[in-house]
1. Determine if the range 440-450 includes at least one residue that is outside the structural domain of VAL227 (by TED's automatic domain parsing) and surrounded by 21 or more Cβ atoms within 10 Å (Cβ to Cβ).
2. Residues ILE251, ILE236: which one is buried (at least 23 other Cβ atoms within 10 Å of the Cβ) and either at negative phi or not assigned by TED's automatic domain parsing to the domain that holds THR125 (or both)?
3. Do the conditions hold for ALA519, that is, is it crowded, with 20+ Cβ neighbours inside 10 Å and more than 26 Å from the chain's Cα centre (by Cα)?
4. Can you tell me which condition VAL292 does not meet? The list is (1) closer than 30 Å to ASP620 by Cα; (2) part of a loop (DSSP other than H, G, I, E, B); (3) over 19 Å from the mean Cα position of the chain (by Cα), and all the others hold.
5. Can you tell which of GLU551, GLU509 is touching a strand residue (DSSP E or B) at 6+ places or on another chain (Cβ under 8 Å) and surrounded by fewer than 21 Cβ atoms within 10 Å (Cβ to Cβ)?
6. Can you pull out the helices (runs of 4 or more DSSP H) entirely within the range 9-113 that have at least 3 residues that are among the aromatic types (Phe, Trp, Tyr)?
7. Among (1) within 33 Å of the chain's Cα centre (by Cα); (2) farther than 22 Å from GLN59 by Cα; (3) surrounded by fewer than 19 Cβ atoms within 10 Å (Cβ to Cβ); (4) assigned by TED's automatic domain parsing to the domain that holds GLU244, where does ASP189 come up short?
Amino acid sequence: MSLSGTPSMTQSSQLFDYNALPSIPALWTIAAQRFNTIVAVQDAHSVPPVKLTYAALYQQMQEFAAGLQALGMKAGDRVGLFSDNSPRWLIADQGIMMVGAVDVVRGSQAEKDELLFILENSGATFLVTEDYATLKKLRDRLDDLPIQAIVLLSDETPDEDERLKVLNFPQLLELGVGQTLQPLSAQRDDLATLMYTSGTSGKPKGVMLSHGNLLSQVDGAGRVVRVHPGERILSILPVWHCYERTFEYFIFGHGGTQAYTNIRHVKKDLKEFKPHYMVAVPRLWESIYEGVQKQFRDQPKNKQKLAQFFLQSSDRFIRARRTLQGLDLENLNPSVLDRLLALIQIVPLGILHALGDRLVYKKIRDGVGGNVKYFVSGGGSIAEHLEDFFEIVGLEILGGYGLTETSPITHVRRPNRNLRGADGQALVQTDTRIVDLETRQPVATGKQGLVLLRGPQVMQGYYQNPKATQKAIDAEGWFDTGDLGWLSAEGDLIISGRSKDTIVLTSGENIEPQPIEDACLRSAYLDQMMLVGQDQKALGALIVPNVDALEKWAIAQGYTLQATDSEKSQASEKLLTLDSKPVQDLIRQELNREVKNRPGYRPDDRIGPFRLISEPFAIDNGLLTQTLKVRRNVVMDRYQGMINEMFV
């Protein structure tokens with residue numbers, strides 16, 4: 001189904017036909033008229049703090065665009081935009097598009113060589129950077145590139161440059177005030193942006209997304225969740241990432257008010273800003289979950305027992321409720337007897353759940369502001385224990401699926417069909433096909449295979465890389481996601497693994513690591529982990545333990561824990577390290593229990609050797625991508641000696 005005809009608006013329904021718009025900038029023309037005095041963006045952490053209405057934001061976008069035209073920028077030019085979340089990023093992004101140019105986006109913290117590769121590969125002739133420090137990081141190599149002018153998104157006074165014209169943000173706006181912005185004639189098929197995949201291996205590829213690709217997301221998301229003017233959205237993901245970026249276009253198209261936060265301030269901002277919506281990746285939900293668990297552990301024993309009692313009772317309640325609703329992924333077609341047994345449990349468990357909500361769960365919701373309608377999750381599968389926990393405490397997570405190459409959303413769970421463990425049903429006009437890995441023939445419903453997608457959100461291709469484009473998109477327009485999954489009879493997509501992440505044991509068994517990793521991370525003593533074992537007899541694991549939880553366990557056992565590598569040799573009767581037998585035994589017990597309790601457990605899922613490592617997987621050490629996915633190949637390289645020793 002698709003909308004057609006001229007743009008139509010009704011203030012009561014807030015519906016708008018985004019498919020009638022020619023470009024993303026056209027969205028702002030409408031938004032500035034409809035939501036004129038509503039606050040569009042605010043940033044309490046910038047110096048000074050920023051708060052802009054839709055009218056003021058739109059005016060700055062136009063001034064920025066006019067300033068760019070005065071510098072000589074024209075339609076079709078490539079513009080490097082290397083900056084992070086802020087209202088000025090949004091102004092720059094839309095100012096560039098209003099000129100008809102194509103922005104090439106990346107975070108300012110990316111490595112120098114990566115940013116230079118992106119500039120060179122894209123053929124960028126202009127550069128917009130977060131600040132002067134970002135420019136200085138690149139400056140010694142810019143003379144080799146066709147860069148004509150540079151804009152800083154800060155107020156810093158740039159040094160004189162013998163070749164390049166450099167303006168700061170206020171200077172560019174001032175330049176634009178005195179100019180007449182030439183009208184834009186961009187069309188839906190015109191290239192809007194180049195988004196270079198961060199990936200977990202290899203050099204990034206420039207994903208070519210058109211205005212139509214991006215508008216398909218605004219339209220598709222609007223059919224799933226209705227954001228009303230003035231509702232609050234908290235932004236934490238990097239805005240140059242496709243998932244955050246297109247969600248922002250969607251909420252601004254509906255008059256939402258967005259506040260920017262970061263890892264340092266997110267807990268405080270959740271409580272004070274009281275958002276209605278927030279998009280994030282599973283790692284953030286893990287952080288919130290672990291924060292709550294820590295609060296539980298810090299309570300007196302009697303309160304801990306009471307909270308655990310309610311959580312266990314509510315766990316049984318939500319499982320019975322899922323059965324009644326036909327939303328149990330392990331039993332999508334419950335029998336009459338299944339439903340009857342669930343109905344019998346619902347009433348007594350419902351009473352306990354309501355009591356737990358009043359005494360425990362409401363406090364958790366208040367800790368994130370008390371107004372959350374939906375959390376939206378992407379960028380990876382949500383672990384089962386997180387799904388259960390957030391459902392129990394009444395914080396609804398709508399999981400979704402997509403890739404940068406698909407703008408990115410292709411599937412999302414609906415409020416009226418929030419099937420936990422699944423990745424949702426397809427957006428409008430999106431086709432899903434599951435095929436056999438070898439024959440590429442469609443497989444039966446419910447059977448796992450390679451996921452292919454086709455729809456208005458599929459990219460135009462990889463920039464200047466026809467070979468990679470041809471490999472990714474076939475002649476009929478089907479995009480090869482590289483992911484494994486299956487479809488339910490109702491069209492729910494369930495991603496089960498990554499084809500290139502599959503671990504093949506010497507027995508010939510193919511193991512998808514993510515579901516097993518997610519199951520093991522239910523343990524309070526595990527913070528991060530990555531399975532290994534390609535061409536081995538059994539699986540192995542690299543584990544980053546939860547040191548805080550281990551320290552509390554050690555104290556309860558009458559020990560003291562020292563978790564740093566430099567202190568391994570100091571272990572004694574009362575002093576434990578990560579290599580000490582009691583710690584190793586505890587982790588072994590945790591792994592065995594969680595793996596065996598995983599639905600669909602097979603003997604080959606059992607984890608054999610493992611090693612505890614004290615250094616977390618992080619962006620700073622290169623072990624996580626900017627969107628918090630484990631760079632499996634980098635971790636393998638970093639710990640190859642340890643992995644080899646594991647399997648001797």
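1. Yes.
2. Going through ILE251, ILE236 in turn, the sole match is ILE251.
3. It is false that ALA519 is crowded, with 20+ Cβ neighbours inside 10 Å and more than 26 Å from the chain's Cα centre (by Cα).
4. Of (1) closer than 30 Å to ASP620 by Cα; (2) part of a loop (DSSP other than H, G, I, E, B); (3) over 19 Å from the mean Cα position of the chain (by Cα), only one is false for VAL292: (2).
5. GLU551
6. Answer list for the range 9-113: 54-70.
7. Unmet condition: (4).
Conditions (1) at pLDDT below 95; (2) in a loop (DSSP other than H, G, I, E, B); (3) of a type in the set (Phe, Trp, Tyr), marked per residue:
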residue	(1), (2), (3)
MET195	no, no, no
PRO204	yes, yes, no
LEU209	no, no, no
VAL225	yes, yes, no
HIS228	no, yes, no
TRP240	yes, yes, yes
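The values are calculated or read from the model by the stated rules, or taken from the named source; none is laboratory data. It should be emphasised that the depicted structure is a prediction, and the values quoted were computed from it without experimental measurement. When we count neighbours, we look across all protein chains shown, and the Cβ atoms used for this are built from the backbone with ideal geometry, even at glycine.
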